[in-house]
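Below are the structure tokens for one structure; questions will follow.
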Amino acid sequence: MPHLRLRPLEPRDWDAVAALIHRSTNAWYRANRGFDAFACPPADCRIFCETYEALDPGECLVVEDEDTGEIVGSCFVHPRETHISLGIVNVAPERFGHGIARRMLDSAVALSERTGRPLRLVSSAMNLDSLSLYTRAGFVPRQLFQDMVATVPQEGLGGAAPEGVARVRPGRVGDASALAALEEQLAGIRRERDIAHFLENRDGIWSVRVIEGGDGAPAGWLAASAHPASRIVGPGVAASEADAAALLWAHLDAQRGQTPLFLVPADAAELVAAAYGWGARNVETHVAQVRGPWRRPA
């Protein structure tokens, strides 16, 4: 039996974890979906280590095979003001089914129970092994998302821009507290450090757009990453589907010649219809799961 050790992620592990994320994720998608999730080089997946460690040094976990020194599992744990979030979880393909993911998850559950904060994640609804892992551990599926991609023409999105785009502006560093308060009001969670990280954009890959209400106060915000390993629009919140559509349109139109990914709540019918109208298509579904108290987003 291998001797496995659960320990915090260290900077010396970043290249190995990046390679693990790339290999593990692509192995599952290749076997089950017929394509690679990461078309970028493995080293580009260091963005996950860099981002989570910048936000929460020492909180991310790895499982090391002490006999070989190999990193065979990784899990990004992110304590936030109102909850604890789990980022991408990976296990070496040849170690699938050996209890490694559950060992990392048990550590996160213990942190959640020790601090009295719910544990939250968003995972593929198509990976039933993953879904079973989390629901066996007490997570409850709460919200379904449609993963959509849109290839944006070089000349920009066609047709008329949604009403409200004129109220969209770039985010400013001083917006962090107001945007965090808005998300807490609408969704019951707060993550001001994340928002501040996006707004500061020290990595040169983040952008944030804010839509203002009639009183000039923020009515929604949406972040985006333009990194080769994570070309994603999100996260964000908005007070209405119309405001969300204006934010999403502004972000997509700015990514001309690219094919960004974004997750839309499946019950946001107007927003989903708007995305279809811009040429978006579905590629997967994800589900938000929570272990502990949950409030339906407004």
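For the stretch 59-71, enumerate the residues that are open to solvent by 40 Å² or more (accessible area, probe 1.4 Å) and either of a type outside the set (Val, Ile, Thr) or under 30 Å from Glu192 (Cα atoms) (or both).
Passing the criteria: Glu59, Glu66, Asp67, Gly69, Glu70.
Continuing with this model, one more query. Exactly one of these conditions fails for Val210: (1) touching a residue at least 60 places away in the same chain (Cβ under 8 Å); (2) more than 15 Å from the chain's Cα centre (by Cα); (3) open to solvent by less than 20 Å² (accessible area, probe 1.4 Å). Give me its number.
Val210 satisfies all of (1) touching a residue at least 60 places away in the same chain (Cβ under 8 Å); (2) more than 15 Å from the chain's Cα centre (by Cα); (3) open to solvent by less than 20 Å² (accessible area, probe 1.4 Å) except (1).
Looking only at residues in the stretch 2-51 that are farther than 24 Å from Ala108 by Cβ and not in a helix (DSSP H, G or I), which one is most open to solvent (accessible area, probe 1.4 Å)?
Ala39
Right, next: If you check Val77 against the conditions, is it of a type in the set (A, V, I, L, M, F, W, C), within 15 Å of the chain's Cα centre (by Cα) and open to solvent by 20 Å² or more (accessible area, probe 1.4 Å)? Write out each step before concluding.
Details: of a type in the set (A, V, I, L, M, F, W, C): yes; within 15 Å of the chain's Cα centre (by Cα): yes; open to solvent by 20 Å² or more (accessible area, probe 1.4 Å): no.
Spelling it out, it is not the case that Val77 is of a type in the set (A, V, I, L, M, F, W, C), within 15 Å of the chain's Cα centre (by Cα) and open to solvent by 20 Å² or more (accessible area, probe 1.4 Å).
So which residues in the stretch 89-101 are in contact with a helix residue (DSSP H, G or I) (Cβ under 7 Å, 6 or more places away or on another chain), surrounded by 17 or more Cβ atoms within 10 Å (Cβ to Cβ) and outside any loop (DSSP other than H, G, I, E, B), if there are any at all?
Val89, Asn90, Val91, Ala101
Can I ask one more? Here are some residues: Leu248, Leu222. Which one is under 21 Å from Arg80 (Cα atoms), in contact with a Leu (Cβ under 9 Å, 6 or more places away or on another chain), open to solvent by less than 30 Å² (accessible area, probe 1.4 Å) and not small (Gly, Ala, Ser)?
Leu222 is the lone residue from the list that is under 21 Å from Arg80 (Cα atoms), in contact with a Leu (Cβ under 9 Å, 6 or more places away or on another chain), open to solvent by less than 30 Å² (accessible area, probe 1.4 Å) and not small (Gly, Ala, Ser).
Any residue in the stretch 172-189 that is surrounded by 17 or more Cβ atoms within 10 Å (Cβ to Cβ), closer than 25 Å to Pro228 by Cα and either out of contact with any helix residue (DSSP H, G or I) (no Cβ under 9 Å at 6 or more places or on another chain) or in contact (Cβ under 8 Å) with a residue 24 or more places away in the chain (or both)?
No: zero hits.
The values are calculated or read from the model by the stated rules, or taken from the named source; none is laboratory data. Small disclaimer: the values here were computed from a predicted structure and weren't measured. Please note: Cβ atoms are built from the backbone with ideal geometry, for glycine as well, and neighbour counts cover all protein chains shown. What goes into the accessible areas is simple: the full protein's heavy atoms, side chains included, and nothing from ligands, DNA or RNA. Shrake-Rupley method; radii C 1.70, N 1.55, O 1.52, S 1.80 Å.
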